[in-house]
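Every number in this text was worked out from the coordinates using simple rules, so none of it is lab data. Computed from a predicted model, the values in this text were never measured in an experiment. Neighbour counts run over all protein chains shown; Cβ positions are idealised from the backbone, glycine included.
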There are 2 protein chains.
Amino acid sequence: MQLLKERILKDGIVKPGNVLKVDSFLNHQMDIPLINEIGKEFKRIYADAPITKILTIEASGIGIACIAAQYFNVPVVFAKKSQSLNLDGEMYCTKIESFTHKKVYDVILSKKFLNADDHVLIIDDFLANGCALNGLIEIVRNSGAVLEGTGIVIEKGFQHGGDLLREKGVRVESLAIIDSMTDDSLVFRE
Amino acid sequence: MQLLKERILKDGIVKPGNVLKVDSFLNHQMDIPLINEIGKEFKRIYADAPITKILTIEASGIGIACIAAQYFNVPVVFAKKSQSLNLDGEMYCTKIESFTHKKVYDVILSKKFLNADDHVLIIDDFLANGCALNGLIEIVRNSGAVLEGTGIVIEKGFQHGGDLLREKGVRVESLAIIDSMTDDSLVFRE
């Protein structure tokens, strides 16, 4: 997605430890017109898929998923990173290791909101080693729902989480795939 | 907001400990058309305010803020509940006690994204004792920005956080204020 790649080149900042900061437009401050274009692009890519629900994970994925959901006319459901007093009843549970935060989260989703009748699109802001996405995919599998595919805003191709999932047959659609990045260069996959 | 009140009566579930579960449409699964109506209503209420930025806090506020921001044509910035490796530079910091999770969070916002030129609307899903909202207001005050007001989806009027803020002169606009709730009755403020 050209508009996104241009924005990453303009405002993204590469930090030590393979960190790409896009906090000025994607995951701290959010540029809503850009995210609308991202939502439209996910709909264009998945135009023929019979999506019934968009699944994401708190926190940064939620805004993108909600904006995108407007183009799919489906509800969003987001997995939560820790047990809440307000969540009860049966849960799908998994563990996710965060690349950014260097820790392991318990991730839960109420069974009420995903079942075998659903066709799921998973949306998230980043895909690196794939831990978060693998956790969400596990939740979809456990629910019996059909995983139609995943929509990722920025994939760090050099961390290979996306390629491993593609090899397993998961449809991974990333709007920008970065194959290498250093302080002064950032190379997108063609 | 009549549509919202009807939905709370239809799908909200009162649990012990003054907990109102609205996870089927607001803060776990999200009904996007309803949230669009909520966003339009915030814009109607704040039509004449010169809002430049919508501030919220992760996680449940983000989707509502992003959908609402489409009607204001402004960016969203969301405060984060814990230090992230991806956040550096100068931060506004505060502490917020969560009614739901019974713990205290460090809450941070990058100083890059809020300054004295901004006119801020704070949006959140719930207002109970006001801890989260007080923390966000403190961040706005520290930034030198003008607080135009707050937009809350559901206020628990019987916990008085909203009334205390109104007494201090903060504009608190809640789309549904619950003055009492029990297992079999839920009374909205007129």
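Summary of computed values
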read-out	value
Helix-only mean residue ellipticity at 222 nm for chain A, each DSSP H run of n ≥ 4 adding -39500 (n - 2.57), per residue, nearest 500	-9000 deg cm²/dmol
Charge tally in the Cβ shell below 13 Å around B:Thr52, where Lys, Arg are +1 and Asp, Glu are -1, B:Thr52 excluded	-2
Inter-site label distance for B:Lys168 and A:Arg166 at 7 Å from Cα along Cβ, in nm	5.2
Using a 7 Å Cα-to-Cβ projection, B:Asn73 label spacings across copies, nm, ascending	2.8
Spherically averaged projected area of chain B from its Cα convex hull (nm²)	10.4
Exam field: B:Asn36 pseudo-label spacings to other copies (7 Å along Cα-Cβ), nanometres	1.2
Sequence-separation-based contact order of chain B, relative, with Cα cut under 8 Å and 6+ spacing, percent	18
DSSP bridge orientation in the protein assembly as shown - percent antiparallel, rounded to nearest 5	45
Rg(Cα)/(2.2 N^0.38 Å) for the protein assembly as shown, N = residue count	0.95
Per-copy distances of the A:Lys10 label point, shortest first, in nm (7 angstrom along Cα→Cβ)	4.2
Interchain or long-range residues, amide H under 5 Å from B:Tyr105's placed H	B:Ile96, B:Glu97, B:Ser98
Mean Cβ count within 10 Å, highest first, over the residues of peptides B:56-67, B:158-169, B:17-28	B:56-67, B:17-28, B:158-169
Linear extension gain, A:Val104 paired with A:Asn129, 0.36 nm per residue minus alpha-carbon span	7.6 nm
